[in-house]
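Undergrad: Got a structure here, written out as structure tokens. Questions coming.
Please treat every number below as a calculation from the coordinates, not as lab data. The shown structure was predicted, so the numbers you read here are calculated from the model rather than taken from an experiment. So basically every Cβ, Gly included, is an ideal-geometry build from the backbone, and we count neighbours across all protein chains shown.
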Amino acid sequence: MGNKTHEIIGAGLICILIWAGCGGENQPTDLRAWWQKPGLGIMFQIEYRPGMDWDRDYTLFNQSMMDTQGQLNFNGPLPQIDEWVKTSQTVGVDYHIMEIKWHDGICYFNTELTDWKTETDYASRFAKLSREVDIPFMFYYSAIFDHNPQFDSIQPDLHQTFSVILETPQPQYEEYLRGQYREIMEQYHPDGMWIDWYWTDGSTQLTLDFFKRYYPDVVLTFNASNYVSPSYDQIYYTSGEAHGLEGPAVKTVDLGGRTITVFESAWNWANSNRRLFDHPWELVGPAGKWWQDPSARDDLYELVRMVAVVLACGGKYVVGATSQMDGSIYPNQVMQLEMLGEWYVPRKRFFLGSAAVKYGGDCPPGAGVDRDRFNIIASRLGNETLLHIINMEGQTGSLILELERKSWAGINHVYLEPTHHKLKVDSSGSTMKINLSPEDVDPVDTIIRIEGFPVS
């Protein structure tokens, strides 16, 4: 993609870290761009409508959105952009995304190319406020599905969401895409574009070619690109979905008549990406139980653990926040996001400056704990090692971290983060032991910082 920043730096993963002093109080200087680092994001969504499945009948949906003259009679969601950006600040996100055109084709931005748009230019407000609070921002844009009635004559299936509009060449829609991309870039200058999704269709290649030629410095990613290897050297970072902490890597979901395969386990996908990927990557999942179920998860810590796992493995995680028809985020999701922020903000420096370690398997060599349902992830922070002890079920009580001496030679001091509390290491045997009191064990992720040579 020409003169992209990550090609200048080198594969997007080379960073310069300057670490001065000791004790964990000092901060690394990390010259990677925001999209190259681990990080937390929010995607503010306008797609959910009560009573309407993802795979809705668009002949009925479009009729419900029209007046007697066949014009758009828009009734929401009416994005509360000020509230959204304030939520991002509270949570302490590292970037955020606004959906400005979902599969229904309604445009939440100023466009001269269709009347299927909101009266208010919501994208402009999101761009303005994001810059004011210095949060990198992206726009979500659905390029594979678009049920704007303007294109009914070329729509493969007027009824189902899954209707790939550029499955065959359609010059009318191809020009529409290029025109809307130009409008978005020239009016709002976003830091990036989040395209839904990477597919073997004309819209994917058109989008890649367009941004490479005209806007090569705009960070570009596609949903589902994690799972399509040809995308890896074509876009800035790859993305994909993960909806739960554990379970199978994929599962089937019934969407009211259509069964689709979805990507499930954050633990499986994050560790797989940590081992295999040499490029920046991201996982995405809903704040609620499901995209079409905005109610709270049964365990509010599940989402926080998912974020911890993904970031510890070197990725980014984006939480989908569901807006109501008045544009406000569902209150239970606001509560979930605030809870996530309370946990994340004091710990974020131990994620942002870190880099993944490519050990085999799901556990770093020679490391373990004396209880089940605790998993370990190792990462590097400058010239030190972080061990993230993930509390998969929120258990309480004491814990013993065990490190085999042959794998962990060179340890100097060990600290509990983010409190910087120095921990005692029992080095009397072949296995070094670190006792963690019940107060030391976090319900999500107990972070251990080790001075000495990083694990390899």
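Undergrad: Antiparallel versus total DSSP beta bridges in the range 35-355: what percent is that, nearest 5?
TA: On the way: 10 of 46 bridges.
Taking every DSSP beta bridge with both residues in the range 35-355, the antiparallel ones total about 20 percent.
Undergrad: Using DSSP to call loops (not H, G, I, E or B), can you name the trypsin sites (Lys or Arg not before Pro) in the range 397-436 whose Cβ has at most 16 other Cβ atoms within 10 angstrom? Could the numbers behind the result be given before it?
TA: Details: sites: ARG405, LYS406, LYS422, LYS424, LYS433; in loops: ARG405, LYS406, LYS424.
Qualifying residues, ordered by number: ARG405, LYS406, LYS424.
Undergrad: Okay, moving on. Efficiency by 1/(1 + (r/R0)^6): what FRET value for ARG258 and SER229, r their Cβ-Cβ distance, R0 = 41 Å, to the nearest 0.05?
TA: Using R0 = 41 Å, I get an efficiency of 0.95.
Undergrad: If the limit is 20 Å between Cα atoms, which of LYS37/LYS348; LYS251/LYS316; LYS406/LYS433; LYS86/LYS117; LYS358/LYS422; LYS101/LYS316 go over it? Please list the in-between numbers first.
TA: Working: LYS37/LYS348 11 Å; LYS251/LYS316 22 Å; LYS406/LYS433 13 Å; LYS86/LYS117 25 Å; LYS358/LYS422 27 Å; LYS101/LYS316 23 Å.
With Cα atoms farther than 20 Å apart: LYS251/LYS316; LYS86/LYS117; LYS358/LYS422; LYS101/LYS316.
Undergrad: Now, a different point. With an 8 Å cut-off on Cα pairs and a minimum separation of 6 or more residues, tell me the relative contact order of the range 189-266 in percent. It would help to have the intermediate numbers written out before the result.
TA: Details: 116 pairs, mean separation 18.4, N = 78.
Rounded, it is 24 percent for the range 189-266.
Undergrad: Relative contact order of the range 357-451: what whole-number percent is it, with Cα pairs under 8 angstrom and at least 6 residues apart? Before the final figure, lay out each step's value.
TA: Numbers: 191 pairs, mean separation 31.2, N = 95.
Averaging sequence separation for qualifying contacts and normalising by length gives 33 percent for the range 357-451.
Undergrad: Here's another thing I want to ask about it. Among CYS363, CYS313, which comes first, second and so on when ranked by fewest other beta-carbon atoms within 10 Å? List each step's numbers first, then the result.
TA: Numbers: CYS363 15, CYS313 29.
By the 10 Å Cβ count, ascending: CYS363, CYS313.
Undergrad: How about LYS212: which lysines have a C-alpha closer than 17 Å to its C-alpha, ignoring those fewer than 8 places off in the same chain?
TA: Straight-distance partners of LYS212: LYS4.
Undergrad: Right, next: What percent does the relative contact order of the chain come to when contacts are Cα pairs within less than 8 Å and at least six residues apart?
TA: Working: 962 pairs, mean separation 70.8, N = 456.
Value for the chain: 16 percent.
Undergrad: Going by how many other beta carbons lie within 10 Å of each one, how would you line up GLU451, GLU112, fewest first?
TA: Sorted ascending by nearby Cβ count, the order is GLU112, GLU451.
Undergrad: Provide LEU340, LEU387, LEU72 in ascending order of the number of other Cβ atoms located within 10 Å of each residue's Cβ, fewest first.
TA: The order, fewest Cβ neighbours first, is LEU72, LEU387, LEU340.
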